[in-house]
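All remarks here apply to the structure that follows.
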Amino acid sequence: MYRKSKWKCGYDLAVLGHGNNEKSVPQLLISDLKFEKKSLAKLMFSPDQENHPSKAPVKYGELIVLGYNGSLPNGDRGRRKSRFALFKRPKANGVKPSTVHIACTPQAAKAISNKDQHSISYTLSRAQTVVVEYTHDSNTDMFQIGRSTESPIDFVVTDTVPGSQSNSDTQSVQSTISRFACRIICERNPPYTARIYAAGFDSSKNIFLGEKAAKWKTSDGQMDGLTTNGVLVMHPRNGFTEDSKPGVWREISVCGNVFSLRETRSAQQRGKMVENETNQLQDGSLIDLCGATLLWRTAEGLSRTPTVKHLEALRQEINAARPQCPVGFNTLAFPSMKRKDVVDEKQPWVYLNCGHVHGYHNWGNKEERDGKDRECPMCRSVGPYVPLWLGCEAGFYVDAGPPTHAFSPCGHVCSEKTTAYWSQIPLPHGTHTFHAACPFCAHQLAGEQGYIRLIFQGPLD
């Protein structure tokens, strides 16, 4: 699967900064490792391709919640998980608009809504409601996302708390995610186009937009509206690849139209309609539900993405090179992915200001610094000192490069291009601010770049 590699010692033999070692030690980068391309290429196929592709059901794509490193803190359970795959249903359950009932009284609107079919009600005033009936669409499948655990919700999403270690951390926060936040409609025939719409149908197959919700009549006489905190979408430029660049955040309406952002998240005045953009999801599209952000990966995009097996091979390759702590000279090793939340005694630690990797030690921990900042023994730079964690959620990687860089200040490790991409993505935070964050834990990024290059020391033997 992989072969044991030795570190190249000719990279930088100079002792950095003010180090007083008489004997110089090699300063090394993970990129110096010689990976077996053929072996790793076998691991690059998605799980669907590994198991009888002719028998596998059609996968439209996957939704991955940002802020979780491969699973929820207490494990994935039922419809509540960190990753949700959308497969072609045995029988189509999609819906499309049909009859429009205008100028209904609330009583008449309620009678229409009680029919055994889907509908959206727009309350214009206490005396006037418009009801749009929806009929079955045999060409599409519908998937619904929201905070509710009721049966119409396929994927249950709760608020993401940066760095949370247990589900109880998230339950203490008053949620801003809608119970029926959004719905995704996928075409059952190639190219399996997926489109997103704000709001989801409840257990009565209804969507209600009350008096306070932003709503309006369109130019063709139809109704449209926005949900309270809105559904925001950002499509990356150049797809989700190593050449990806961030796009512009937009808001999606109940009918799937695209608008510029409101002044604040819940303002009643909608933004301007963006007519040259659509609600069609593409590989790497981000969906923000005001409390949680989801990454959409297409089935085709996932087939080009590293798998967990690939990441595990990279982990073993790094450990086989036997990097050492330059202070204690003990061998460092990344723990297995099953123990990704527990600090191990061999765990690599890094000084975030310089990138020098060590084992855990108390050198340079002065009382006046309150333990927050430490002095690197290699170059004397002072800054945070944190454990390194491998990024285990393969869907967040934009390439299959080796894990050479770490996000700051959390210490999650992945490829250089992956850190570079996420460090430039402004993610919605609260109701009116944006900031870049680590996709593996949702911590706001710090420092000049938001990430650092890792510098290991190779074995002396």
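The values are calculated or read from the model by the stated rules, or taken from the named source; none is laboratory data. What you see is a predicted model; the values in this text were computed from it and never measured. Because the Cβ atoms are built from the backbone with ideal geometry, glycine has one as well, and the counts that use them run over all protein chains shown. All accessible areas refer to the heavy atoms of the entire protein, side chains included, with ligands and DNA or RNA removed. Shrake-Rupley method; radii C 1.70, N 1.55, O 1.52, S 1.80 Å.
Taken over segment 121-155, the criterion of being at pLDDT 95 or above, hydrophobic (A, V, I, L, M, F, W, C) and assigned to a strand (DSSP E or B) is satisfied by MET142, PHE143, ILE145, PHE155. Here LYS338 clears all of (1) among the basic types (Lys, Arg); (2) in contact (Cβ under 8 Å) with a residue 60 or more places away in the chain; (3) open to solvent by 20 Å² or more (accessible area, probe 1.4 Å); (4) outside any loop (DSSP other than H, G, I, E, B) except the condition numbered (2). Any residue at all in segment 123-141 that's surrounded by 17 or more Cβ atoms within 10 Å (Cβ to Cβ), closer than 30 Å to CYS438 by Cα and assigned by the TED database to the domain that holds VAL100? Looking through segment 123-141, none of the residues is surrounded by 17 or more Cβ atoms within 10 Å (Cβ to Cβ), closer than 30 Å to CYS438 by Cα and assigned by the TED database to the domain that holds VAL100. Is segment 247-261 home to any residue that is under 17 Å from THR176 (Cα atoms) and assigned to a loop (DSSP other than H, G, I, E, B)? No, segment 247-261 has no match at all. When THR241 is tested against (1) at pLDDT 95 or above; (2) open to solvent by less than 70 Å² (accessible area, probe 1.4 Å); (3) within 25 Å of GLY395 (Cβ to Cβ), just one condition goes unmet, and that condition is (1).
Considering only segment 265-294, state which residues are within 18 Å of LYS215 (Cβ to Cβ) and open to solvent by 70 Å² or more (accessible area, probe 1.4 Å). Result: GLN268, GLN269, ARG270, LYS272, MET273. A single entry from LEU226, LEU232 fulfils the requirement of being buried (at least 17 other Cβ atoms within 10 Å of the Cβ), of a type in the set (A, V, I, L, M) and more than 13 Å from ASP288 (Cα to Cα): LEU226.
Scanning segment 404-426 for residues that are open to solvent by 10 Å² or more (accessible area, probe 1.4 Å), more than 18 Å from HIS443 (Cβ to Cβ) and either of a type in the set (A, V, I, L, M, F, W, C) or in a loop (DSSP other than H, G, I, E, B) (or both) yields one hit, THR404. Of everything listed in (1) open to solvent by 10 Å² or more (accessible area, probe 1.4 Å); (2) in a strand (DSSP E or B); (3) of a type in the set (Val, Ile, Thr), the single unmet condition for VAL398 is (2). Under the condition of being touching a helix residue (DSSP H, G or I) at 6+ places or on another chain (Cβ under 7 Å) and at pLDDT 95 or above, the residues counted in segment 57-112 number 5.
Is at least one residue of segment 294-310 in a loop (DSSP other than H, G, I, E, B) and hydrophobic (A, V, I, L, M, F, W, C)?
no
Based on this model, can you work out whether PHE440 counts as in a loop (DSSP other than H, G, I, E, B) and crowded, with 23+ Cβ neighbours inside 10 Å? Here the answer is yes, as PHE440 does meet what is asked.
Of the residues making up segment 264-279, those that are closer than 25 Å to THR160 by Cβ and under 25 Å from the mean Cα position of the chain (by Cα) number 4. Do we find a residue being closer than 30 Å to PRO162 by Cα and open to solvent by less than 40 Å² (accessible area, probe 1.4 Å) anywhere in segment 85-99? Yes; the residues of segment 85-99 include at least one that is closer than 30 Å to PRO162 by Cα and open to solvent by less than 40 Å² (accessible area, probe 1.4 Å).
What residue, among those in segment 447-461 that are more than 15 Å from PRO387 (Cα to Cα) and open to solvent by 40 Å² or more (accessible area, probe 1.4 Å), is modelled with the highest pLDDT? Applying the filter and picking the extreme gives GLN449. Just checking, how many residues over segment 222-258 are more than 26 Å from the chain's Cα centre (by Cα) and in contact (Cβ under 8 Å) with a residue 60 or more places away in the chain? Looking only at that region, the number is 3.
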